[in-house]
1. Mind checking the mean number of beta-carbon atoms from other chains within 10 Å of the Cβ atoms in C:29-42?
2. For A:Lys98, which lysines qualify as cross-link partners when the Cα separation must be under 19 Å and same-chain residues fewer than eight apart are set aside?
3. Mean separation of Cα pairs under 8 Å and 6+ residues apart, divided by the residue count of the stretch C:9-100: what relative contact order is that in percent?
4. Karplus couplings for the stretch B:188-194 from phi (6.51 cos²θ - 1.76 cosθ + 1.60, θ = phi - 60°), rounded to Hz, Gly and Pro as x?
5. Picking from A:Leu203, A:Leu111, A:Leu79, which is most flexible by a Gaussian network model of chain A using Cα springs under 10 Å?
6. What does the charge dipole of chain B about its Cα centre add up to, to the nearest 20 debye, if the Cβ of each Lys and Arg holds +1 and the Cβ of each Asp and Glu holds -1?
7. Counting only protein heavy atoms and using a 1.4 Å probe, what share of the accessible area of the protein assembly as shown belongs to carbon plus sulfur, as a whole percent?
8. Using the heavy atoms of the protein chains and a 1.4 angstrom probe, tell me the accessible area per residue for the stretch A:20-213 in square angstrom.
Amino acid sequence: MATTGTSFIKHEVAHHFDNAEQEFESAKLGMWAFMAQEILFFSALFVAYAIFRYLYPEAFLEASSLLSWKMGAFNTAVLITSSFTMVMAVNSAQTSQKKKTFNFLLVTILLAALFLVVKYFEYMSKFHHGIFPPNYFNAMAVFEQVPIFFGIYFVITGLHALHILIGIGLIIWIMRRTARGEFHADYFTPVELVGLYWHFVDLVWIFLFPLLYLVG
Amino acid sequence: MSTKTIKNYLNCETGIMSWLTTLDHKRIGVMYLLFIAISFGLGGFFALALRMELLTPTQLYLTAKQYNQAFTLHGAVMVFLFIIPSIPAALGNFVLPLQLGAKDVAFPRLNLASFYVYVLGAAFAIFSLFNGAVDTGWTFYTPYSTQSDTSVISMTLAAFILGFSSILTGVNFIATIHKMRAPGMTWFRMPLFVWALYATAIIQILATPVVGITLLLLIFESTFGVGIFDPALGGDPILFQHFFWFYSHPAVYIMVLPAMGVMSELVTTFCKKNIFGYKLIAYSSLAIAIISFLVWGHHLFLSGQSSYANMIFSLLTFLVGIPSGIKVFNWVTTMYKGTIDLKTPFLYFLSFLFLFCIGGFTGMFLGALSVDVHLHDTYFVVAHFHYTMMGGVVMAFLGGLHYWWPKMFGKMYSEKWGRIAAAFVFVGFNWVFFTQFILGTKGMPRRYYNYLDQFQPLHAFSTMGTFVLGTGFIIMAVYLIHSLFKGEKAPANPWGGLTLEWVADTPPDHHNFHETPTVTTGPYDYEKAGY
Amino acid sequence: MSGHFIIPVSYYVKTFIGLLFLTFITVLAAQFDFGALNLTIALLIAVVKASLVLLIFMGLRWEKGFTWVLLLGSVVCVLIFFFFVFADLMTRGAIDIEEAGFHDLKSPVIKIEKGHAPTGH
Ligand SMILES: [Cu+2]
């Protein structure tokens, strides 16, 4: 259907697959397996967080109050919106709407960039007050375990930001392929997979926001 | 045969670039095999260096620091560069798609990528070797690892990267096993090696990322500080051990499960009998994979872990014996009244059966809380895990290597020398490591540089065994390499195996099968095949 | 690929609005002090949000069995991880207190006290 249009490139099924269905399902299964490993990758950080919050509740309360929950909430909204534009991009690719796919991806990237900019200012304001990872920590704190909170904070948000950067790279890659007309109703696997990855990044942040910013 | 040679995966393209950029799972498997063999040689070299130093109670030729570096490198190279990728990445890559009747793994490009990730990790490991080595032991326990002046960072980074290679292989295998099976190959018609690789892939995906993040945290801890492992900041060094062993105990099964899969293949082929209890063996692989996540605390019995946690972990550790026992009994029962053919691969099968049982039972000793107080961190532990890792995994790896060698390279090795080498390896191995059980029960602690005079006779005896063991491996290297050039041409099915890889040409065609095979029976139906 | 089920856009829009609303609720709830329930409430909302993303945005609702197995398997692994580490942490040294004087144990293990570093500086 869609592939008959001149602006689309027909997809060739890789030689070792029997048909496009098998190719698509394999790719999707592989991506979900990768998501499972991502969950475990972040799990150790959450376990560490839980342990030290259990051991040092007052220190965590104090440390968390040094973060700006407004920035955190804003960034949460930004990421959720970007997740929405991402599913819309996938949906547009599935329905062979090239222009729309491209634009939704573009908005997703802009939102991702906005997230990083806010994050940058957040980090800078922390550094400005001497809040660094433990070895360089030189801010005033009532409880002596406050640096542990920030140790965890910087690692976990840093790795999350790294995931966002990788996501931006991936989205640029599928944007270029979208522009070439490679994605349409008969083939949209990469868009869908990048979408899965992007939602995972959102998923992590959904937990990070209340745990880091709203210790009450 | 007199006309032109038939095209196969080895000669369909030539030149070094055709290898480095290949997407063919068979070629990637062969490249892995080469790197793994080199790593094994390197790890073996360090082992020899260690055993030589231990000939005398005081310094012989290594300084204390060099000794610490030697045992760390021996452990790290053997674990991360050799054993973990040995069976899944080398043999599994070659055999898995063939056994499934598929043209390739699900993601050939990812497969090549994971090979290069492995090479990158290996490069970091080699770099750290020349950059001051590492002296923390392969477990990198904090707080020492954050303070050691050796190149801990590049070695942990190497392990981190190698972990990702392992994860990507797992992802690939899961998708392959789910989606690439030949028509008619239902779940219970899959060869048991495939089942084993499947269980392994699950552990690779669910456990390896945790060690990845743990080692990353260690790197951060020693660069700018995280605090969670640092008691001075209120952190807990035992937490590192929890994190580390959450992966590293299941990792033991990343190594052993594929070995058990090879065992099931060997026993049916060389007994010409259907496997006894197919479903139980398949399910026990999954059971081992699941239980492996519940027992890591047995490494922390004497680290300051709570006594209640100790009790739970000890109990759960004993549970692993059940699925392992199921497998052993089923293999033995398969042999009963079989037409046993004592070819080289089967000799390794028997070695595994014998040695792995000893390794497994001594593991039960160590899992018992009170006994562990006496045996913890002694040579008993060293002997125990060498019996499982080398007596188990390496024996199965060698069995699998000899079993699939003709298929991989189309050449037969010398059966006579194969048996001689197997005898050397078996005798040498027991010589080295059984001695260490005795050393351990007598109280010789592991990782000690100097030791009491009373241990010298046993230490010297153990070191003598390494030469027998080493001779076995040298003989093996010689006849295997010799077979590549001068070996007899191998028939398509030299052992009479029934799984699909034996249907393919020897060596297989670039696309594995000329036409997609259809499966109508279980993998080991020797009764139907006329035996 | 043709005949592949396409999830209606209306699902996405509703989920999106729901997620934004729940974020608002999270922030709102944090303004009140429910005592020990604070964390539970915050986590509960986060779990609902995460489920929405998983089920609708990631399409888990329409996925076949094995994807669920993978996902639930990984969640179970995380729970195991939590459970056992806490099993150790919360009972560390407990047996020594219980058995003190019983077997005349003189334990070298000192329990980490809540809110205090185990060793002073
Ligand atoms: Cu273990």
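The values are calculated or read from the model by the stated rules, or taken from the named source; none is laboratory data. Values in this document were obtained by computation on a predicted structure and should not be read as measured data. Using ideal geometry, Cβ is built from the backbone for each residue, glycine included, and neighbour counts are taken over all protein chains shown. Just so you know, the surface numbers come from the protein's heavy atoms only, side chains and all, with ligands and any DNA or RNA stripped out. Shrake-Rupley method; radii C 1.70, N 1.55, O 1.52, S 1.80 Å.
1. Partner-chain Cβ atoms within 10 Å, mean over residues of C:29-42: 3.
2. Correct list for A:Lys98: A:Lys10.
3. Details: 23 pairs, mean separation 22.9, N = 92.
Once normalised by length, the contact order is 25 percent.
4. 8, 10, 6, x, 5, 4, 5
5. Most flexible of the set in this elastic network: A:Leu203.
6. On the way: 27 positive and 22 negative charges, 266 e Å.
Around 1280 debye, computed over chain B.
7. Working: 23300 of 33210 Å².
With neighbouring chains kept in place, the figure for the protein assembly as shown is 70 percent.
8. Working: 6170 Å² over 194 residues.
Using a 1.4 Å probe on heavy atoms only, each residue of the stretch A:20-213 averages 32 Å².
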